[in-house]
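A short worksheet on the structure shown next.
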Amino acid sequence: MIFLIFLLFGIIIVNLLLTLVLLWCWKFRQKPAVLSHSKLPKLSVLIAARNEEKHIDSCLTSLTSLRYPKDKIEVLVGNDGSNDQTLSKIRSYTGPNSNIQAYDIHEQVGEARAKANVLAQLAKKATGEYFLVTDGDVKVLPGWANYMIEHRGGASLVNGTTIIEGDSLLQRLQNIEWLYAQALIKIITDTGIPITAMGNNMLIARLAYKQVGGYESLPSSVTEDHELFIHMRKQGQQVINLFEKGALVTTDGQKTFSSLLHQRKRWIKGVFQLPVWLLMILFMQTLFLPSIILLSVFLPELAISFFLTKEIFQGLLIYQIFQKLDQKVKLVDILWYEFYGAVLWLVSIIFYLLPIKINWKGRLY
C-alpha cells in the first residue's frame, strides 16, 4: 500500500510540475512571429474534399474573401470520391471565380491514397511557389493567406492554428483540447524540436515538397500530414508554428462521441509516431485523474488539494491560450476539461485496440 501511495504521489507531482513548466513557457518563452521581408509569391490553395456538401459553401466563400492579390493566388479543389453534392457545389464556384478550379479525382498515383492521393494530384497541377493546404470543412479569415506567407520566416513548413466551432459542451471541450494541444506543439517547436504538421492549416514550400517526392512517394498513411512532416524533417527542412490570430482557421467539432472516437482512432496512428519522451508526457497526463481518485481513497483531503492546485494552474494556462487568440472560454468548461480528457483518451485507446475499422467521411480504413 505504501508503494502504491508513493507511486500515486509521483504521478501527481510530475503532472503538477509539467503544468507549471508549460505555464511558464507559455508566458515567457514563446517565439514571436517573424515578418518575412519579401514580395508576395504565387500561392496555390489545395483542398481535398470528400462528402462536404454541408461545409464546402462556407469554405469556398471564405476563400473568395481573401485579401491576397487575385492574380497571385489560385484555389484547387479535388473531389475525393464524394457520394453527395460536394462536386456540384464546388463547380458552382468555378464560373464566378476564375481562380477556383475543380477536379474530380479518380486515379491513384504512387503510394498515395484518399486525401494524400488528391493532394498529390492537385500539387502537380498547381503553379504556386507555395502550397496552402486546408480542408473542405474549414473557414479561413480574409487575412489568412497574407499572414501565413508573410510570417513564414525561412521555414519550408508552417503550421497555423485551428479553433473548433460549436455550441454543445462536447464541441466546446474539443476546442479546449485542440488549442491546448496546439499550444503544447508551439512550445515544443519553439525549442527547436518540431513534432508534427497540421493538415487543415499549413503552408508548404513547393521546392521542399518536391524534394521529398510529393505525397505519391510517401508511405500510405491515414495521417498524411504527419508523414509529410517526417520526411521533410529528414531532409532538414525548417518547421514553425504560428499560434496567432492572423493564422486562425475554424472548423466544426465532432457532434457525437462516436464520430469523435473514429477521429481519434485515426489520430492515434500518428500519435504513436511521436518521440517516446513526448508519448510519456501524454501518458502521464492521462494518469493524473485516475491517480487522484485512487489517492482519495487513502488521503482524501490531500487528493482534493492536489486536484484543485492542478485545476488552478491548468485553468490559468487555458485562459492565457484563449486570450492570445482573443477567444472566450467558459469557467465551467475548464472545470469539465480534466474529466473529458481522461475519459476520452481512456476510451479512445480501448477503441483503438478493438478490431473496428475507422469510418471517416464515409470511407473505411
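Given the condition surrounded by fewer than 23 Cβ atoms within 10 Å (Cβ to Cβ), acidic (Asp, Glu), modelled with pLDDT of 95 or more and in contact with a helix residue (DSSP H, G or I) (Cβ under 6 Å, 6 or more places away or on another chain), answer yes or no: does some residue in segment 115-130 qualify? Yes - at least one qualifying residue is present in segment 115-130.
Residue count for segment 327-349 satisfying the condition of being touching a Lys or Arg at 6+ places or on another chain (Cβ under 6 Å) and either closer than 16 Å to Gln182 by Cα or not in a helix (DSSP H, G or I) (or both): 0.
Being of a type in the set (A, V, I, L, M, F, W, C), touching a helix residue (DSSP H, G or I) at 6+ places or on another chain (Cβ under 9 Å) and within 19 Å of Thr250 (Cβ to Cβ) is a description that applies to Ile56.
Out of segment 152-189, which residues are crowded, with 17+ Cβ neighbours inside 10 Å, over 14 Å from the mean Cα position of the chain (by Cα) and charged (D, E, K, R)? Scanning segment 152-189 gives Arg152, Arg172.
Scanning segment 253-282 for residues being surrounded by 13 or more Cβ atoms within 10 Å (Cβ to Cβ) and part of a helix (DSSP H, G or I) gives a total of 17. The number of residues in segment 58-109 that are at pLDDT below 95 and either in contact with a His (Cβ under 9 Å, 6 or more places away or on another chain) or basic (Lys, Arg) (or both) comes to 2. Among the residues of segment 18-75, those that are out of contact with any Ser or Thr (no Cβ under 6 Å at 6 or more places or on another chain) and either of a type in the set (Asp, Glu) or at positive phi (or both) comprise Asp57, Asp71.
Every condition in (1) surrounded by fewer than 16 Cβ atoms within 10 Å (Cβ to Cβ); (2) in contact with an Asp or Glu (Cβ under 6 Å, 6 or more places away or on another chain); (3) assigned by TED's automatic domain parsing to the domain that holds Gly253 holds for Asn99 except the one numbered (1).
Only one entry of Lys89, Lys70 meets the criterion of being surrounded by fewer than 21 Cβ atoms within 10 Å (Cβ to Cβ) and more than 20 Å from the chain's Cα centre (by Cα), and that entry is Lys70.
Can you tell me how many residues within segment 11-52 are in a loop (DSSP other than H, G, I, E, B), of a type outside the set (Ser, Thr, Tyr) and in contact (Cβ under 8 Å) with a residue 60 or more places away in the chain?
12
Scanning segment 39-59 for residues being among the hydroxyl-bearing types (Ser, Thr, Tyr) and either under 17 Å from Lys72 (Cα atoms) or not assigned by TED's automatic domain parsing to the domain that holds Ala123 (or both) gives a total of 1.
Annotation: Thr64 fulfils all but one of (1) β-branched (Val, Ile, Thr); (2) assigned by TED's automatic domain parsing to the domain that holds Leu157; (3) out of contact with any Pro (no Cβ under 9 Å at 6 or more places or on another chain); the unmet one is (3).
Among the residues of segment 67-101, those identified as farther than 16 Å from Gly128 by Cα and of a type in the set (A, V, I, L, M) are Leu87, Ile90.
The values are calculated or read from the model by the stated rules, or taken from the named source; none is laboratory data. Worth saying up front: this structure is predicted, and the values here are computed from it rather than measured. With ideal geometry, Cβ positions are generated from the backbone for all residues, glycine too; neighbour counts draw on all protein chains shown.
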